[in-house]
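The values are calculated or read from the model by the stated rules, or taken from the named source; none is laboratory data. On a predicted model such as this, the values are computed, not experimentally measured, just so you know. As a convention, Cβ positions derive from the backbone with ideal geometry for all residues, glycine included, and neighbour counts pool all protein chains shown.
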Amino acid sequence: MKQNLSLPLVRQIMTDFAEQTGLSPVRRQPHRYLWTDAFGVCNFLELYRQSGDDSFKSLALSLVDQVHETLGRHRQDDRRSGWISGLCEDEGRLHPTAGGLRIGKEMNERGPDDPFDEELEWERDGQYYHYLTKWMQALQCVGTATAERKYKRWARELAKKVHAGFVFTSSVDRRKYIHWKMSIDLSRPLVPSMGLHDPLEGFIIYSQLQADKGDETEEPFSFDLSHEINELADICRGKNWDTDDSLGIGGLLCNGLQLAQIMARDRSGQDKLLLALLDSSLLGLESFLKMNTLLLPARYRLAFREFGLSIGMHALARLKGLIEREADSFKEHAALRTSIDKLMRYQQVCQQIEKFWQEDANREADTWLKHRAINMVMQATSLAPDGFLQFS
């Protein structure tokens, strides 16, 4: 195994994260946030893989349990209590994702009769589709690392519930879409518009979960995701994935690697989609760099969004290696190589971002301190990305 020279820094970052958020030592009211914690789980697993230190595996499993016990239940300031799935205590622990999972925002969700406030909605709780897909990925990674079937079962159970709650048919054009944000109990949309990459992320993670479904005949639930995958494929058809947002570009590159991993395993023939993701990534990256955002002082920058891009550039390097090793799995091998080579010309962006945010002075900026936990875990992922990027 190639030694990662950044491992001591990653170890320190994640140890600090565990302490600051109430994971270790455990606090009565830990601060759990679904997106952040999904990356955190993968980082702890990568530290365990690289170091062999069982304490990091224990932290990953403890984080999963704490997320479920916190975000799988109603808030303390809510009139409701217990599991948001409505299951009793014992059943809720057996199926902690059966009702979805809260975001973990500081403010409670908007009430049914409260007026919509676009700015305030960013601060309110609920459920986000794109956070839930990240948690499905984290659970799948835990299941692979531990060989315990319950984690993969929870991931598929979450996919079933989330899809049923978020996907809807428009009364205007009779096409299916995905709500961006739903209420805690999934009974009503809080933000009805669809995220640009939500159907893509759902399609890829469902496909990964389906490919690794295994034998679940003894379980009382159906975990076949064929119907859900087909619905998302229809939503994705003809979509434009272009974005000049650094986090969005990085997400597309990570999606590309995940899609290629599926193609290498089952030769699913998604070459056109993969090429589209690479083309959109290149267009977006070139547009982003023209804005010269990476030349600004730290107080004008959001680290976690930039780390999304650097993680994506790490994904690109792994995608290049995968296609070279598994050329027979890709019908458009030559075209894919050309697109990847064009993107690889910007590989130095990854090192530029990582180096900038390793400077102590830059981590003292308000923009870092305000988003400290998410900045920390995504910095750690960028420095040691394989726990997040190596899905299966």
**OP:** Name the residue, out of T36, T15, that is crowded, with 20+ Cβ neighbours inside 10 Å, assigned to a helix (DSSP H, G or I) and of a type in the set (S, T, N, Q).
**Re:** T36
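Restricting to segment 333-348, and then to whatever is among the aliphatic types (A, V, I, L, M) and under 24 Å from the mean Cα position of the chain (by Cα), can you tell me which residue is surrounded by the fewest Cβ atoms within 10 Å (Cβ to Cβ)? Outline the logic, then answer.
First, pick out the residues of segment 333-348 that are among the aliphatic types (A, V, I, L, M): 334-336, 340, 343-344.
If we keep only those that are under 24 Å from the mean Cα position of the chain (by Cα) too, we end up with 340, 343-344.
Numbers: I340: 22, L343: 23, M344: 13.
Among those residues, the one meeting the criterion is M344.
Looking at S58, S62, S24, S6, can you tell me which residue is modelled with pLDDT under 95, under 25 Å from F388 (Cβ atoms) and surrounded by 13 or more Cβ atoms within 10 Å (Cβ to Cβ)?
Values: S58 fails: modelled with pLDDT under 95; S62 fails: modelled with pLDDT under 95; S24 fails: modelled with pLDDT under 95.
Step by step, each of S58, S62, S24, S6 is checked, and only S6 is modelled with pLDDT under 95, under 25 Å from F388 (Cβ atoms) and surrounded by 13 or more Cβ atoms within 10 Å (Cβ to Cβ).
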Subject >> From the options G52, G82, G86, G111, residue that is of a type outside the set (K, R) and in contact with a Lys or Arg (Cβ under 9 Å, 6 or more places away or on another chain) >> reply: G82
Subject >> Of the criteria (1) part of a helix (DSSP H, G or I); (2) over 23 Å from D386 (Cα atoms), which one K331 fails >> reply: (1)
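Please specify each residue of segment 49-108 satisfying the condition of being among the hydrophobic types (A, V, I, L, M, F, W, C) and not in a helix (DSSP H, G or I).
W83, I84, L87, C88, A98, L101, I103, M107
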**OP:** Among the numbered conditions (1) at positive phi; (2) in contact (Cβ under 8 Å) with a residue 24 or more places away in the chain, tell me where Q66 comes up short.
**Re:** (1)
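Suppose the filter is assigned to a loop (DSSP other than H, G, I, E, B) and closer than 13 Å to Y33 by Cα; does K134 pass it? Spell out the reasoning first.
Values: assigned to a loop (DSSP other than H, G, I, E, B): no; closer than 13 Å to Y33 by Cα: yes.
In short, no.
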Subject >> Test: residue in segment 363-371 that is modelled with pLDDT of 95 or more, on the phi > 0 side of the Ramachandran plot and not charged (D, E, K, R) >> reply: no
Subject >> Output for segment 29-51, where each listed residue is within 14 Å of L63 (Cα to Cα) and either of a type in the set (S, T, N, Q) or at pLDDT below 95 (or both) >> reply: Q29, T36, N43
Subject >> Answer from L209, L186, L200, L225 - the residue that is at positive phi, in contact with a Lys or Arg (Cβ under 9 Å, 6 or more places away or on another chain) and surrounded by 15 or more Cβ atoms within 10 Å (Cβ to Cβ) >> reply: L186
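Specify which of the listed residues (G269, G238) is more than 12 Å from L200 (Cα to Cα) and either buried (at least 23 other Cβ atoms within 10 Å of the Cβ) or among the small types (G, A, S) (or both).
Sole residue among the options that is more than 12 Å from L200 (Cα to Cα) and either buried (at least 23 other Cβ atoms within 10 Å of the Cβ) or among the small types (G, A, S) (or both): G269.
Listed here are the residues, each with its yes/no results for (1) touching a residue at least 40 places away in the same chain (Cβ under 8 Å); (2) within 19 Å of A276 (Cβ to Cβ); (3) in contact with a helix residue (DSSP H, G or I) (Cβ under 6 Å, 6 or more places away or on another chain).
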| position | (1), (2), (3) |
| --- | --- |
| R305 | yes, no, yes |
| L319 | yes, yes, yes |
| I323 | yes, yes, yes |
| A327 | no, no, yes |
| E332 | yes, yes, yes |
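For segment 323-332, how many residues meet the condition of being surrounded by 15 or more Cβ atoms within 10 Å (Cβ to Cβ) and of a type outside the set (F, W, Y)? Even if it seems obvious, please write down each step before you answer.
In the first step, residues of segment 323-332 are kept if they are surrounded by 15 or more Cβ atoms within 10 Å (Cβ to Cβ); the result is 323, 326, 329-330, 332.
Subset that is of a type outside the set (F, W, Y): 323, 326, 329, 332.
Number satisfying all stated conditions: 4.
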**OP:** Please indicate, with yes or no, whether at least one residue in segment 21-40 is of a type in the set (V, I, T) and within 28 Å of E121 (Cα to Cα).
**Re:** yes
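Restricting the search to segment 364-392, which residues are of a type in the set (G, A, S) and in a loop (DSSP other than H, G, I, E, B)?
Just the residues of segment 364-392 that are of a type in the set (G, A, S), to begin with: 365, 373, 380, 382, 384, 387, 392.
Matches in segment 364-392: A365, A384, S392.
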Original post:
Which one is surrounded by the most Cβ atoms within 10 Å (Cβ to Cβ), of the residues in segment 79-94 that are within 17 Å of I184 (Cβ to Cβ) and touching a strand residue (DSSP E or B) at 6+ places or on another chain (Cβ under 9 Å)?
Top reply: I84
